[in-house]
Structure formats: C-alpha cells, structure tokens
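Colleague: This is the structure I have questions about; it appears just below.
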Amino acid sequence: MSLAERGGLFRTLTRDRPMLVILDNAASEAQVRPLLPAGRGCLALVTCRRPLTGLAGAVRQPLDVLAPAAGRALLAAIVGADRVAAEPAAADQLVELCGRLPLAVRIAGNRLASRPQWSIAWLVDLLRDERRRLTVLTAGDVGVRSAFEVSYRQLDPVTARVFRRASLIPSPDFAPTLVAVAAGTDEETAAAALEELVEAGVLLTVGDRYQFHDLVRLYARERLDVEEQPASRAGAHDQLVDWLLRRVRQAGAMFEPDAGRADSPFDDDRAAAYWLDRESGNWLAALRDAARRGRHADVIAVGRALHWYSDANSHRHPWEEIFSLGAAAAQAAGKPHDEAVLLNFVGWARYFCQDRNLDGLAALVRARELARRIGDRREQAWALTYIAVILVRMGRAESAVDHSRRAVGLFREIGYALGEYGAASAQGGALAALGRFAEAAELHRDVLAFYGQGNGLSRTGAAVAQAGAMMSLGADLAGLGRWRDAAEVYARARQVFHRCGATFSEAAAIHRYGLALQALGEVDAAGEALRAALALYAALSCPWWEAQMLYALAALADAASETAAARLLRQRALDRCGELDAPQVRTLRVTLRRELAAS
C-alpha cells in the first residue's frame, strides 16, 4: 500500500471518531499531511522547528523562551523546590545561562538531580565558560548541541556558511548588509539565507533585523571553528571590522562642517545618525578590537570623525571611552596634534556627559599644554573654551571669563568662526554666572544669529547649535527676571532638540521650562514639565540632573503641603547625588541633609 493509500485509510478510519493527534518534532509538511485526521471532532497538534508554511488552515502559535519565573519553576520541578529555595540567585543565573530554553533548563536540572552533591552555583560556574557551555548542557543522550545539529545538517552550503559567519557579528541583532560582509556574499543572497535560517528555526526576527538565541550563537561559532580554517575565520573577522570602521567614519563625516559628502553611502546626516544608533554595538566592538590590536590610525580616525555627531548625541554612546581610545592611540603613534584634539574631546565627554568636572579639567589641561608645546592655537583655544565651562561649574566665573576671552582671541587670530562663536557662548555663560545678564544676553543673541546662518554645519548640527544658543539666552532672560520670555525660548529649544533626537538637551530644555513656569506661579504645568524632564534624565542615567529635578519637585510638594511626598522626593534626590563631587553637588547634598533632618 502506498503512502497516499495509507493516508487515505487513516482519514477514513478517523472521520467519525473525536481524537487529538500529536505529531512531535515534525520536519516537513510532507511528514504531517498524511497524518492529519479528517473528522470534524478531530484536532492535530504539531510541534516543529520550522513554521511549515505550506500547511493550509493551520493556526500557528510561536513559542518564546521561558519567562524567568517559569524557568525557575521548571528547575524546581526537576531538582526540588528546597534546593532552588536554598540558592535562589544561583537558580536565576542558571536559567539565564540556559537562555531560558526549556530543553537547556531541563538538561541542567537533570544534571543537578543526578549529582545531589553539586550546588547550583557549581553548575553555574561551569556554564559561565562559553567554550564549554554546550558540552555542559548534555545529559546522557540528550543535548542542546544535538538538537541544533538536526536543523544545521539540513541547510544548504551557502545558508550554512551564512549561519556560521553571522556568529562573528558582535551585536545581538543584525541586518542583512552586515551578514553579507561577514559571509563574503552579496546582500540579496545573505537576505535569502537569513530567511531560510528563520524557516529552519535557528534564527529569530526582530523587526527588520535578525537575532540568534544565545545558545544557537554559541553553536554557530562552534561550527565556524570546526569547519573553517583559521586563516578564513581571521579574514572574515578582519573584513567585518574593516567595513564597520570605514562605514562609521563615513557616517561621522556627514556631521562635519563643510565636509564633502558626494561619495557617502548616506543620503543625509539623519540617515547617518540612524545607522550609527542601530549599529552602535557593532561599530563600538570593531573600534575596541582595533584598539586592542594596535590599529592606531583607524582608532584615531574614528574618534575624530565622531566629534560633531557626539554634539547632538551626547548621552547616547560611551564617548569618554571612544575618545580616550583615540587619545591613547594618538600617543602611542606619536601624533601630538591628534592627541591634543582627542584629549579635548575626552575632557568634554567627562564634564558634559558624565559630570566629572575635575577629571574633565585634567584632560583639558593636558590638551592645552600639549597644543601650546606644538604651536596648535586651535586646540589651545578649544581647551580654553571647555575649561571655561568647567570653571563656571566650579564657581570660578571670573577665571572662566578670562579663559573664554583668550579662546575667542585665538580663534579670531586663525580665522575659525565656528570656534570663535563657541567660545563667545562660553564667555556669555561665565558673564551670566557673575550676574551680568544683559551682557551675556547680547553675546548669546550674536551667537544665535551666527548659527542661524548655518556656516557649513550639517542640518542637525546647525539646529542643535541654534537650540543650544537659545538655552543660553533663556538663562540670561531668566536672570533678568523675564520668566515668560525665558519660558518661550526654552519651549522653542525643546522642540528643536526633540526633532533632532538630542534627548539630554531636550531634557535640559524641559527642565528649565519647568523652572520658569514655577517662577511664574504655574505650579501644575511646572510639575508636569519637571516630571517629564526627570523621566528623560532617568532614562539616560544622569544622577546629578535627576537629583535637581527631584529637589525641584520636592519644593512643589512643599508648596502643596504634601509633607510626606516632599520628604520622599528629598531622600531620592540625596540618593541620586551619590558620590558625585562638584561644588553644586556638595551644596545640594548639604541642603538636602539639613532639610531632611528638620522635616
């Protein structure tokens, strides 16, 4: 009897019988079709690695990995609840190291059940070693590796190569373009192979990108090591790193003033920013790899290329690390000009992005002295400009005025208008700190008018610079008691920052807008604004700015006679001050402790 005849007989015999047919681990539609019952009271439950898209009328239910609590419950069912209760943290770590995959958790549980003398922590230590993890996740004739092997052996050679090479990509998720680079193929072929890997159940989709399960990535890397020669693996890795470093330089160039962009793969600076954000895990890993291997020229070039982009994205990437790698590479390569440039960037990242004023000052003093030694007036001027900003933060505004004026003079001598107006803005900030708000406002209006002309900046760069000048002007107006005018300027700046994706600066604009509304007596609107700013600061992990928002909200709670809420807000503000060391932080910390003691 043929397969078709046996299938027909099966459907005839089951037509009038209510039944549930379970078909476990089906490999293809052809395996399933002959076993589908025909009766109206019948159901077939099929488990499979592939989605079996050829089956008509099927209701598909994708299965995700276990939730942490479910993974812990499965482990407890195997090894005993008492054992899990005795080591709850280790149990949670074990579930995570198993990728919350039911098979992996079951195997780990079976190993523990068969070795009662083992602690859960002992097995966790074994699983931490990625090179041994798949081997550890084997119990008897059941193993995670063998489960993956079934799917892998069904792949055609091109798809198998894509599977192996994709494991070289450092980020958890990736696009076909990057896979094509790693696999040494065209993007169309890579995209088709990735879809086949999704069909095979060894790759996940995340929007328009792809992702390995953690254990599948380890298996793919294992197959790469076994099936490809060391020279081939190294070549693929280098090709990937080279491409990423080249592309990140091209993206950064889209933000540089007066840069030639005709041959760029990006249509504009927004497209470049989108790529830099999405691929940050990959290009940052490539930069670290280049630094470890002494590729000084590449590390320097990337650091310098990203400066103007960092202005609009100050808290989105680890700028202190990126620019420090560049400065170290420049020093190692004997490039004092590049070292001075990158030390200035390091100083900016430390004080502006991390609120580490003293550390920022140390880097900037080094940059200034190095620039002075080699006769680089432009980098001397930038160092003086950044130092002036820090001096204002440290309560030394008179010295800040002197530093910023010297910077303006140096920039003017070399005919660098962008630097001149940047230093003028810092000078205005120093004057405002001295209470000379009218003079500061005049300077900041000049700066705003300058940036309004574009002056070679990218579209995003010009917009962010203008909004930054608005923020400075708003502070001057606030100092003059013109709170309504200040609020309007802050509101305009907020809109620009939001449009440009400059989240930290947007939070700062909302923050100051809220304070202006508070001064105007518009308490409800002020509270709404301050809470919105707090949410953005918290999302960016900016503890000093969170502390300021919490303290401002405590003042609003006081005004509303909400004593308990005010005390809680002050305690949270004190916690966020942490170990930060700056005059304004120390002042707020003392104030908070005094007010908490009195409440």
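The values are calculated or read from the model by the stated rules, or taken from the named source; none is laboratory data. Quick caveat, the model's predicted, so the values are computed rather than measured. Quick reminder, even Gly has a Cβ in these numbers, built from the backbone with ideal geometry, and neighbours come from all protein chains shown. We work out accessible area using only protein heavy atoms, side chains counted, and drop any ligands, DNA or RNA first. Shrake-Rupley method; radii C 1.70, N 1.55, O 1.52, S 1.80 Å.
Colleague: Residues of segment 217-234 with the amide nitrogen closer than 16 Å to a label point 7 Å from the Cα of Arg145, along Cα-to-Cβ, please.
Modeller: Residues 217-228 fall inside that zone.
Colleague: Once label points are set 7 Å from the Cα along Cα→Cβ at both Leu520 and Thr587, what is their separation, rounded to one decimal in nm?
Modeller: Placing both labels 7 Å along Cα→Cβ, they lie 2.6 nm apart.
Colleague: Would you calculate the separation in nanometres between label points at Ala76 and Asp402, each defined as 7 Å from the Cα along the Cα-to-beta-carbon direction?
Modeller: Label-label distance for Ala76 and Asp402, simple model: 6.8 nm.
Colleague: Right, next: Given Cα pairs under 8 Å that are at least 6 residues apart, what percent is the relative contact order of segment 145-256? Provide the component values of the computation, followed by the final result.
Modeller: Working: 106 pairs, mean separation 31.7, N = 112.
It comes to 28 percent, rounded to a whole number.
Colleague: Ignoring everything except DSSP H segments at least 4 long, calculate the 222 nm mean residue ellipticity for the chain; use -39,500 (n - 2.57) per segment, divide by total residues, nearest 500.
Modeller: Working: 32 runs with 422 residues, N = 599.
When only DSSP H runs of four or more count, the value is -22500 deg cm²/dmol.
Colleague: In addition: Return, ordered by residue number, the residues of segment 333-349 whose backbone nitrogen is under 15 Å from a label point located 7 Å along Cα→Cβ of Ile374.
Modeller: Flagged as within label range: 333-346.
Colleague: Starting from the 7 Å offset along Cα-to-Cβ, what nm value, one decimal, do you get for the label separation of His498 and Arg11?
Modeller: The modelled label-to-label distance comes out at 5.9 nm.
Colleague: If you count only protein heavy atoms and use a 1.4 Å probe, how large is the accessible surface of Leu276, to the nearest 10 Å²?
Modeller: We get 0 Å² for Leu276.
Colleague: Quick one: accessible area per residue over segment 456-599, 1.4 Å probe, rounded to a whole number of Å²? Walk me through the intermediate numbers first.
Modeller: Details: 6500 Å² over 144 residues.
Per residue, segment 456-599 has 45 Å² of solvent-accessible surface.
Colleague: Let me ask another. Using only protein heavy atoms and a 1.4 Å probe, report how much of Met471 is accessible, in Å² to the nearest 10.
Modeller: Counting only protein heavy atoms, Met471 exposes about 20 Å² to solvent.
Colleague: Ignoring ligands, DNA and RNA, what percent of the accessible area of the chain is carbon or sulfur (1.4 Å)? If you can, show how the numbers build up before the last one.
Modeller: Details: 14590 of 27880 Å².
Carbon and sulfur together cover 52 percent of it.
Colleague: Which FRET efficiency, nearest 0.05, do Leu568 and Ala69 yield, Cβ-Cβ r, R0 30 Å?
Modeller: Values: r = 30 Å, r/R0 = 0.99.
Between Leu568 and Ala69 the formula returns 0.50.
Colleague: Estimate the FRET efficiency between Arg594 and Ala438 by the formula 1/(1 + (r/R0)^6), using the beta-carbon distance for r and 41 Å for R0, to the nearest 0.05.
Modeller: On the way: r = 34 Å, r/R0 = 0.84.
Step by step, r from the Cβ atoms, then E = 0.75.
Colleague: Test of understanding: extend the Cα→C-beta vector of Ser232 to 7 Å, then name every residue of segment 171-187 with backbone N under 13 Å from that spot.
Modeller: So the set is 183-184.
Colleague: Follow-up. How high is the relative contact order of the chain, given as a whole-number percent (alpha carbon pairs under 8 Å, six or more residues apart)? Working shown, then result.
Modeller: Values: 868 pairs, mean separation 38.0, N = 599.
Value for the chain: 6 percent.
Colleague: Of the listed values (i) 30.5, 100; (ii) 24.2, 73; (iii) 26.5, 84, identify the label whose number matches Rg and Dmax of the Cα atoms in Å calculated from this model.
Modeller: Step by step, Rg and Dmax of the Cα atoms in Å for this structure corresponds to label (i).
Colleague: Rounded, prolate or oblate: which fits segment 84-140 when a ≥ b ≥ c are the square roots of the eigenvalues of the alpha-carbon gyration tensor, with rounded for a/c under 1.5 and prolate only if a/b beats b/c?
Modeller: On the way: a/c = 1.37, a/b = 1.19, b/c = 1.15.
Because its axes are fairly even, with a/c under 1.5, segment 84-140 counts as rounded.
Colleague: What does the C-alpha gyration tensor say about the overall shape of segment 192-300? Classify as rounded when a/c is under 1.5, otherwise prolate if a/b is larger than b/c, or oblate. List each step's numbers first, then the result.
Modeller: Numbers: a/c = 2.62, a/b = 1.46, b/c = 1.80.
Since a/c reaches 1.5 but b/c is at least a/b, the shape of segment 192-300 is classed as oblate.
Colleague: For segment 148-239, state which trypsin sites (Lys or Arg not before Pro) are in a DSSP loop and have at most 16 other beta carbons lying within 10 Å of their beta carbon.
Modeller: Values: sites: Arg153, Arg161, Arg164, Arg165, Arg209, Arg217, Arg221, Arg223, Arg233; in loops: Arg153.
Here the sparse-neighbourhood loop sites are Arg153.
Colleague: Counting only heavy atoms of protein chains, what accessible area per residue, in Å², does segment 48-126 have with a probe of 1.4 Å? Write out the running numbers ahead of the final one.
Modeller: On the way: 4240 Å² over 79 residues.
Each residue of segment 48-126 exposes 54 Å² on average to a 1.4 Å probe.
Colleague: Here is a follow-up. Note the angle between two axes, namely the Cα long axis of helix 187-199 and the longest principal axis of the Cα atoms of the chain, as a number of degrees from 0 to 90, rounded to the nearest 10.
Modeller: On a 0 to 90 degree scale, this one is about 50.
Colleague: How much accessible area does Phe504 have with a 1.4 Å probe, in Å² rounded to the nearest 10?
Modeller: Roll a 1.4 Å probe over it and Phe504 shows about 10 Å².
Colleague: Now a separate question. Restrict the search to segment 1-92; then list the trypsin sites (Lys or Arg not before Pro) that DSSP places in a loop and that have at most 13 other Cβ atoms within 10 Å of their Cβ. All intermediate terms of the calculation are to be shown ahead of the outcome.
Modeller: Values: sites: Arg6, Arg11, Arg15, Arg40, Arg49, Arg60, Arg72, Arg83; in loops: Arg15, Arg40, Arg49, Arg60.
Hits after loop and neighbour filter: Arg15, Arg40, Arg60.
Colleague: So, in Å, what gap is there between the alpha-carbon centers of segment 455-470 and segment 214-291?
Modeller: Result: 28 Å between the Cα centres.
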